[in-house]
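The values are calculated or read from the model by the stated rules, or taken from the named source; none is laboratory data. If you're wondering where the values come from, they're calculated on a predicted model, not measured in any experiment. Positions of Cβ are generated from backbone atoms using ideal geometry, with glycine treated the same way; all protein chains shown enter the neighbour counts. Surface accessibility is based on the protein's heavy atoms, side chains included, excluding ligands, DNA and RNA. Shrake-Rupley method; radii C 1.70, N 1.55, O 1.52, S 1.80 Å.
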Amino acid sequence: MNEHDLGFGGPAASRIYDFSLGGKDNYSADREAALQAFGTFPAARLLPRENRKFMRRAVRYLLDEGVRQFLDIGCGLPGKGNVHEVAHQADPSARVVYVDHDPVAVVHFQSLVHALPGVTAIRADARRPESVLGDDEVTGLIDFSRPVGVLMTAVLDLILDEDDPEAVVRAFRDALAPGGFLVVCDFTDAALTPEERAVSDALIKENGVVVSFRSPERIAGFFDGLDLVEPGVVNAPDWRPDRPHEPATGWLLAGSAGRADRTGQAGRSRRASKPSSRYSRPVVKLPSQSSS
C-alpha cells in the first residue's frame with residue numbers, strides 16, 4: 001500500500017476531524033484545510049465536538065434501551081470516548097464493528113482494538129451497504145436478528161446526493177431487527193445565509209473535500225418507518241443533553257429512531273411527538289437562526 005492509497009495526497013475528512021479534536025493523526029494538508037475553515041467560519045471549530053458528544057450520548061441511550069451490538073459507519077480515526085469504550089463501561093460483552101473507507105482510519109482502529117474480544121474494524125464503502133452488511137467480520141460479530149445500533153453520525157455529509165444517501169440509509173435501516181436503532185447526525189444549511197453557503201461551497205471545492213448539506217426535512221426522512229426518540233431531530237447539542245453546553249452552531253442536526261419490538265415498543269416512553277397532520281415524516285425542530 002503506497003502513500004497515494006493511504007490518502008496522503010491531500011486533506012481527508014477523517015484527519016481534518018482528528019485535528020479539530022486535538023488529535024495527532026493528521027498532516028499539513030489537513031491542518032491547513034481545517035484552519036482555513038476555522039478562519040472563515042469560527043463555528044466550524046465546534047462541529048467535531050458537537051458531533052462527538054452527541055454520539056456518546058446516543059450510545060448511552062441505546063445501552064439503556066438494551067442494545068449491545070453497534071455498527072459505527074464512517075467511524076473516522078479513534079479519539080476520546082470511542083463507541084466500544086462507552087459501550088464497555090456498561091457491558092464489557094458489547095460488540096462493536098467500526099467501518100470506514102479511509103485505510104488510515106481503519107488501520108488505527110485495528111491497532112487499537114486488535115486484542116479486544118467482540119470489537120473489530122473493517123474497510124468498506126458506506127455507499128455500498130451490502131459490502132458492509134455482508135462482510136464476514138461483520139456477520140461474524142453482529143447478529144442482525146437481534147437489536148443493533150447503527151451509527152451514522154459522521155458519514156452522511158460525505159455521501160453526495162448523486163450517490164443516493166436515502167437509499168444508503170434505507171439499506172441499513174431495513175437491516176434493523178425489532179429493538180434496533182438508527183442514529184444520525186448530518187450537516188444542514190438551514191441556519192446559513194445564501195452568502196455563507198456560497199463561501200462554504202467555494203471553500204469545500206478549493207480543498208477537494210466532500211461536505212453535503214441537507215434540509216431538516218431530508219434529514220428527518222432518514223428515519224422513515226421508525227419511531228423517533230424524543231426530542232426529535234434537533235441541533236446536535238440539544239439532543240438529550242447531559243450537562244450545560246454552549247449554544248448550538250446550527251450546522252448539525254441529530255436524532256435517533258428505533259424499530260418497535262414485538263410488543264410495539266421502541267423506547268415508547270421517550271418517543272417524539274406524533275407528526276403534524278401536514279407531514280408524513282417526523283416533526284423536525286429547526287435550528288435557531290440566532291444560534292449559528
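Per-residue answers, yes or no, for (1) in a loop (DSSP other than H, G, I, E, B); (2) aromatic (Phe, Trp, Tyr); (3) touching an Asp or Glu at 6+ places or on another chain (Cβ under 8 Å):
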site: 88; (1), (2), (3): no, no, no
site: 99; (1), (2), (3): no, no, yes
site: 105; (1), (2), (3): no, no, no
site: 109; (1), (2), (3): no, yes, yes
site: 116; (1), (2), (3): yes, no, no
site: 120; (1), (2), (3): no, no, yes
site: 140; (1), (2), (3): no, no, no
site: 146; (1), (2), (3): yes, no, no
From (1) surrounded by fewer than 18 Cβ atoms within 10 Å (Cβ to Cβ); (2) assigned to a helix (DSSP H, G or I); (3) over 15 Å from the mean Cα position of the chain (by Cα), pick out the condition that doesn't hold for residue 166. (3)
I'd like the full set of residues that are open to solvent by less than 30 Å² (accessible area, probe 1.4 Å) and either within 19 Å of residue 239 (Cβ to Cβ) or not aliphatic (A, V, I, L, M) (or both), limited to segment 169-189. 169, 172, 173, 179, 180, 181, 182, 183, 184, 185, 186, 188
Filtered residue count, segment 77-109, keeping only those that are out of contact with any strand residue (DSSP E or B) (no Cβ under 9 Å at 6 or more places or on another chain), of a type outside the set (A, V, I, L, M) and touching a residue at least 24 places away in the same chain (Cβ under 8 Å): 5
What are the residues in segment 203-247 that are part of a loop (DSSP other than H, G, I, E, B), open to solvent by less than 10 Å² (accessible area, probe 1.4 Å) and on the phi < 0 side of the Ramachandran plot, if any? 222, 223, 239
Looking at segment 145-167, I want the residues that are at negative phi and have a partner that is open to solvent by 30 Å² or more (accessible area, probe 1.4 Å) and part of a helix (DSSP H, G or I) with Cβ atoms under 6 Å, at least 6 apart or on another chain. Which pairs are those? 158/13
Can you name every residue in segment 51-70 that is touching a helix residue (DSSP H, G or I) at 6+ places or on another chain (Cβ under 7 Å) and either at pLDDT below 95 or crowded, with 24+ Cβ neighbours inside 10 Å (or both)? 51, 54, 59, 70
Among the residues of segment 127-154, write down those that are open to solvent by 10 Å² or more (accessible area, probe 1.4 Å) and aliphatic (A, V, I, L, M). 133, 141, 154
